[in-house]
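Q: Next up is a structure, given as C-alpha cells.
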Amino acid sequence: MTSNSVASKDKTTTIDLMAHLMRRAGFGADRDELERRVAKGYEATVEELLNPQGNRADREHFLRYHPGFRRAVTSPGMGASVWLYDLMHTERPLEEKMVLFWHQIFATGQSKVDHWHELIAQVDMFRDKGMDSYRDMLVSLAQNPAMIYWLDNCDNHESGVNENWGRELLELFSMGVGNYTEDDVFECSRAFTGWTISTVPPRNYYSRFDWSFEYQEEDHDNGEKTFLGNTGNFNGEDIINIICQQPATAEFVARHLYNFFVADEPPVPAWSVTPPKDPKAIATLAKAFTDSNYDIRSVLRVLFLSDFFQNARFTKIKSPAEVVVGTLRLVGQDILPGPGIGDLSKQAGYMGQELLNPPSVEGWHTGVEWINSGSLMKRINFVADMLGDTSRPGVQRIIDRLKAQGNLGAEELVDNCLELVGPVKTGSATLHQLVEHAAQHGELAWDTDESTKASTARVGELLQLIAAVKEFQYC
Amino acid sequence: MQTQIAAGRVFDFSHAVGRSAASGTGFRHPVAVAMGTGSNASAAYVINRGFEMIPNVHWNRTAVGVRITKVVPGLVSGEEELVTEFSKYGDAPGQVIWPAGVAVDSQGLVYVTDEWLNRISVFDGDGNYLRCWGSTGSGAGEFNGPSGIVIDSEDNLFIADTHNHRVQKTTSEGVLLATLGSFGSEGGLLNSPWGLAADSDDNIYVADHRNHRVQKFSASGEFLASFGSGGTGRGELGRPSSVAVDSDGDVYVCDWANDRVQVYGADARFITSLIGDAHELSHWAKMTVATNPDAVKRRREVKNPEVEWRLSMPADLVFDNVNRRLIVADTQRQRIQIYNKLRDYTPPSRTL
C-alpha cells in the first residue's frame with residue numbers, strides 16, 4: 001500500500017490504520033499521538049519508527065532513585081523493573097518492541113542465570129543492535145555473558161564439547177529443525193570452544209560483579225571442521241557467516257517476524273511440519289532479509305508497508321507484556337520511578353509472561369496460549385484497575401476529550417470511549433451491552449461540579465467494562 | 001596506587017568498612033553519610049537505601065535493608081564498630097521510604113531527608129525518633145524530593161529540594177529562612193540538585209546533578225563559583241551526586257555516573273581523581289568470605305581483582321575534619337572507603 005492510498009481513506013480509517021501500526025510496532029498510542037502521527041503520514045511514521053529520533057528511557061534517572069536495581073538480588077521479578085522502566089518511558093517504541101521480539105526468540109532466563117543485571121545487559125544489546133545486521137546480532141549473542149552461561153558455552157572446551165549453545169543456535173536461533181545434521185551441531189559447537197566468560201569475585205560480601213566475554217585461545221579447537229558442507233578451520237564467526245547464507249535462516253527470521261508483527265503462527269517446534277499461514281508473505285520478508293544482507297530494519301520496512309501487515313488488524317492476541325506496557329503508557333506514567341515498581345514488573349508474569357524469565361530456551365508459546373481462565377482474569381483486572389483510576393493523567397486526557405464534546409448520550413459515550421482506548425471494534429452484542437450499561441444513569445453531563453464528578457466516575461466504570469471485552473485482548 | 005600525590009596533596013588510602021548486609025554489620029546501598037558531633041564525633045551515620053524485594057504487599061512494605069547505621073569507622077581496618085541502627089522502611093513517624101540525605105547538628109541531632117515522603121525526620125544521636133516535618137509542593141517551605149542536607153555553623157539547615165530545583169535554608173525546626181537557586185543551566189541556576197556541603201565560612205556547595213557541575217554560593221545565597229563540567233574525561237563530571245569541602249578549601253565531588261571522586265582546589269582547579277583503592281577486603285567482608293570455602297577459592301581464581309577495589313556509583317562523601325580524612329559511600333559495593341589526607345608525608349628517595 002502506498003502513502004497515497006492511505007491518505008485517500010477517510011480520517012477514521014486512517015486513525016484505525018495508525019493505531020494498528022502503533023499497537024504492533026510499539027505499545028499503542030493515545031489519541032493525541034495518533035492524530036499527530038496521522039498528520040505526519042503512514043510512511044513517514046514507519047520511517048520514524050525505524051530510525052527513531054526520540055530519547056530512550058533515562059536509565060541513570062531510574063538508578064538514582066532505585067540504586068538497588070543496578071545489580072538486583074535474586075528475588076523473583078524484581079530485576080525486570082529496570083526493563084519495565086525502559087518499556088514505559090522510551091520515545092522509540094519500535095526499538096523497544098524489537099527488544100521484546102529478540103527476548104522472545106533468544107529467550108534467556110533468570111531461573112538459571114541468577115544475575116538480573118546480566119539479563120539487562122543482554123536486552124540492552126538487543127536495543128543497540130536489534131534493527132541492524134542479524135549477523136552482527138548473532139555474533140554479539142554468542143559473546144553475551146548471560147547467553148554463554150544460559151547455554152553452557154562456558155563448559156564447551158576443546159577437550160570436551162558441550163553442544164548446548166551450538167544446538168540452540170541452529171535449532172531455535174537461526175534455521176530450525178530439519179535443516180542441519182547432528183554432525184553439524186557437533187562441528188558448530190567445536191567452533192565455539194574457548195568462547196567463555198571471565199571469572200569474577202563472588203557476590204556475597206560486596207554484591208555482584210559484572211561478567212564479561214573472554215576468548216580463551218588455548219581452549220579453542222583449532223582443528224578442521226565441516227559445517228553445512230563447508231570445510232575449514234572455522235571459528236565461531238565463520239559459523240555464523242555460513243548460517244546467515246542459508247535460505248532456511250532467512251525463512252526462519254521471516255516467520256518469526258510474521259508471527260510477532262502480523263499474525264499468530266504455531267509454536268516454533270511445529271514449524272518443520274506446519275507450513276506458514278501466508279507463505280507469500282514469508283517469501284517476501286525472506287527475500288528482503290537476503291537482499292539487504294541480513295538487515296532487520298530493511299525487512300521491517302517491507303513488513304510495515306505491506307498489505308498483509310496493514311490488513312491484519314485485531315488478528316493477534318496481545319502478549320502479557322503488550323497488555324501491561326500498553327496500559328501503563330495509555331494511562332500515563334508517573335514522572336518518577338516510585339516505590340512499588342518491583343511489584344508492577346511482576347504483573348506480566350502473573351499473566352503468563354515473566355519478563356527475563358521465560359519457561360525455557362524456547363521462549364513462550366504465544367497466540368491463544370496466552371489465554372487461560374487465570375491469566376484472562378489477571379489481564380482484565382490489571383487493565384480495569386488502571387483504566388478505572390480516573391486520577392491517572394492518561395485517563396484524565398480521555399475524560400477531557402469527552403468533556404469537550406459536551407453532554408453525551410449512551411451510544412455516543414460508548415463509541416467515544418471505544419475510540420479513545422483503541423480504537424477498539426466490538427461485536428454488536430457487546431456494543432449493545434455496553435450501551436445498555438451506559439444508559440442506566442441517563443445522559444453524561446459536565447455542567448456542574450457534581451455532574452462532572454458523577455460523569456467522571458461513570459467514565460471510569462465504562463472504561464473498566466471495555467477492558468473486559470473480548471476484543472480488547474487483541475491487537 | 002594507594003598513596004596518591006597530586007599538586008602538593010597526599011591522599012593515602014586507609015581502609016574500607018562494610019559488607020553487604022540487610023541488617024547489622026554492613027550496609028545495603030549506602031547513599032549518604034555524615035559524621036557525628038560532640039561525643040559522637042568518632043561515629044558516622046550511614047543511610048541505607050535498601051532495595052525492593054517483596055512483591056504483592058502494600059507499597060510501603062516492599063523494601064529490605066532500609067535503615068540508618070551508626071558506625072565507628074575506626075582508624076585502621078579491624079577497629080570498626082557497629083554502634084546501633086535505627087529507623088526502617090515505612091511511612092509511619094520515624095520510618096523512611098526513600099531516605100536520601102543525613103546531617104548532624106552541633107547538638108548531635110541527626111536529620112534525615114526522605115525524598116519520597118517529602119519530609120525531614122529528626123533523631124537523637126542514639127537514633128531515638130524525635131519529630132518530623134515537611135509538606136509536598138512547590139510553594140515556599142514545601143518540598144518535592146528533598147535529598148541532600150547540610151548544616152552550617154549556626155545550625156541552620158540547607159536542604160536540596162530536588163524537583164523544585166532549589167536549595168531551601170531553614171531553622172532546625174523547619175522554619176524557612178531563604179531559598180537558593182532556581183531551575184536553569186546558567187551560573188547560579190540548578191537542575192535537580194542533590195548533595196550539599198558547607199565550608200568553614202558557611203559557603204554552600206551544591207551538587208548540580210543534571211547540570212554536571214558543583215556550584216558554590218555564599219552564606220547569603222550569592223552565586224560564587226562553579227566546579228567541573230559534563231563528561232567522562234579529566235576534571236569532568238557525570239551527574240555528580242554530592243560534594244564535600246575540607247578545612248584547606250579543597251572540594252571533593254562524588255562523580256556518580258563516572259564511578260569516581262573528583263578533587264578540585266578552592267580555585268576550582270582540578271587536582272586528581274580517586275577511583276577506589278580497597279585492595280584489602282574490609283574486616284567484615286573477610287568474615288563473610290571466611291565462612292564460605294568456595295568464596296575463598298573463587299577469589300583466588302579471579303584474573304582481575306581490581307573490580308573489587310573500585311568505587312561503583314558512589315552517592316555521597318563527607319570530610320571528617322577530626323581525622324583529616326575523606327569518607328566515601330561506595331553505594332553499589334555496600335561499604336565506605338576512607339582516604340586519609342596526610343599533612344606530613346616524606347616520599348622515599350627516587351633512587352630507592
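Q: Got a sec? Which of B:Asn56, B:Asn60 is outside any loop (DSSP other than H, G, I, E, B), surrounded by fewer than 19 Cβ atoms within 10 Å (Cβ to Cβ) and within 14 Å of chain A (Cβ to nearest Cβ)?
A: Answer to the selection: B:Asn60.
Q: Would you check which residues across segment B:200-238 are within 20 Å of the chain's Cα centre (by Cα), surrounded by fewer than 24 Cβ atoms within 10 Å (Cβ to Cβ) and within 14 Å of chain A (Cβ to nearest Cβ) and list them?
A: The answer is B:Arg210, B:His212, B:Gly238.
Q: Can you tell me which residue in segment A:166-208 is nearest to the other protein chains (Cβ to nearest Cβ), limited to those that are closer than 30 Å to B:Ile336 by Cα and touching a residue at least 60 places away in the same chain (Cβ under 8 Å)?
A: The residue in question is A:Ser207.
Q: Could you count how many residues in segment A:344-373 are touching a residue at least 12 places away in the same chain (Cβ under 8 Å), part of a helix (DSSP H, G or I), at negative phi and not hydrophobic (A, V, I, L, M, F, W, C)?
A: 5
Q: Scan segment A:213-235 and tell me whether some residue there is under 30 Å from B:Trp309 (Cβ atoms) and basic (Lys, Arg).
A: no
Q: Please work out which one of (1) touching a residue at least 24 places away in the same chain (Cβ under 8 Å); (2) out of contact with any Phe, Trp or Tyr (no Cβ under 7 Å at 6 or more places or on another chain); (3) more than 16 Å from B:Gly148 (Cβ to Cβ); (4) more than 14 Å from chain A (Cβ to nearest Cβ) is the condition B:Asp246 fails and give its number.
A: Single failed check for B:Asp246: (2).
Q: Looking at segment B:63-96, which of the residues that are within 20 Å of B:Asn128 (Cβ to Cβ), outside any strand (DSSP E or B) and touching a helix residue (DSSP H, G or I) at 6+ places or on another chain (Cβ under 9 Å) is farthest from the other protein chains (Cβ to nearest Cβ)?
A: Ranking the candidates gives B:Ala92 first.
Q: Something else now. Count, please, the residues in segment B:278-297 that happen to be more than 30 Å from B:Gln4 (Cα to Cα) and facing chain A (nearest Cβ under 7 Å).
A: 2
Q: Looking only at helices (runs of 4 or more DSSP H) that fall completely inside segment A:30-74, which ones have 1 or more residues that are more than 29 Å from B:Asp259 (Cβ to Cβ)?
A: The qualifying helices (runs of 4 or more DSSP H) are A:31-40, A:42-50.
Q: Is segment A:220-236 home to any residue that is under 30 Å from A:Glu48 (Cβ atoms), without any contact (Cβ under 8 Å) to a residue 40 or more places away in the chain and either in a helix (DSSP H, G or I) or not hydrophobic (A, V, I, L, M, F, W, C) (or both)?
A: The answer is no; no qualifying residue exists.
Table: residues versus (1) at the interface with another protein chain (Cβ under 7 Å from one of its Cβ atoms); (2) farther than 19 Å from B:Asn48 by Cβ; (3) within 12 Å of the chain's Cα centre (by Cα); (4) not in a helix (DSSP H, G or I).
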{"residue": "A:Pro76", "(1), (2), (3), (4)": "no, yes, no, yes"}
{"residue": "A:Gly79", "(1), (2), (3), (4)": "no, yes, no, no"}
{"residue": "A:Val82", "(1), (2), (3), (4)": "no, yes, no, no"}
{"residue": "A:Tyr85", "(1), (2), (3), (4)": "no, yes, no, no"}
{"residue": "A:Glu95", "(1), (2), (3), (4)": "no, yes, yes, no"}
{"residue": "A:Val99", "(1), (2), (3), (4)": "no, yes, yes, no"}
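Q: Based on this model, can you work out whether B:Gly127 counts as touching a Ser or Thr at 6+ places or on another chain (Cβ under 8 Å) and modelled with pLDDT under 95?
A: No.
Q: Being of a type outside the set (Asp, Glu), in a loop (DSSP other than H, G, I, E, B) and touching a residue at least 40 places away in the same chain (Cβ under 8 Å) is the filter here; which residues of segment B:112-127 pass it?
A: Hits for segment B:112-127 are B:Gly125, B:Gly127.
Q: Then there is this: What do you reckon, is B:Ser220 at pLDDT below 95 and polar (S, T, N, Q)?
A: yes
Q: Is there a residue in segment B:312-330 that is touching a residue at least 24 places away in the same chain (Cβ under 8 Å), within 12 Å of chain A (Cβ to nearest Cβ), touching a helix residue (DSSP H, G or I) at 6+ places or on another chain (Cβ under 7 Å) and over 30 Å from A:Glu214 (Cα atoms)?
A: yes
Q: Among the residues of segment A:1-19, write down those that are out of contact with any helix residue (DSSP H, G or I) (no Cβ under 7 Å at 6 or more places or on another chain) and modelled with pLDDT of 95 or more.
A: Of everything in segment A:1-19, nothing turns out to be out of contact with any helix residue (DSSP H, G or I) (no Cβ under 7 Å at 6 or more places or on another chain) and modelled with pLDDT of 95 or more.
Q: Next question, about the same structure. Looking only at segment B:156-163, decide whether some residue is under 20 Å from the mean Cα position of the chain (by Cα), within 13 Å of chain A (Cβ to nearest Cβ) and in a loop (DSSP other than H, G, I, E, B).
A: no
The values are calculated or read from the model by the stated rules, or taken from the named source; none is laboratory data. Here the structure is a predicted model, which means the values were calculated and not measured. Don't worry about glycine lacking a Cβ; one is built from the backbone with ideal geometry, like all the others, and counts go over all protein chains shown.
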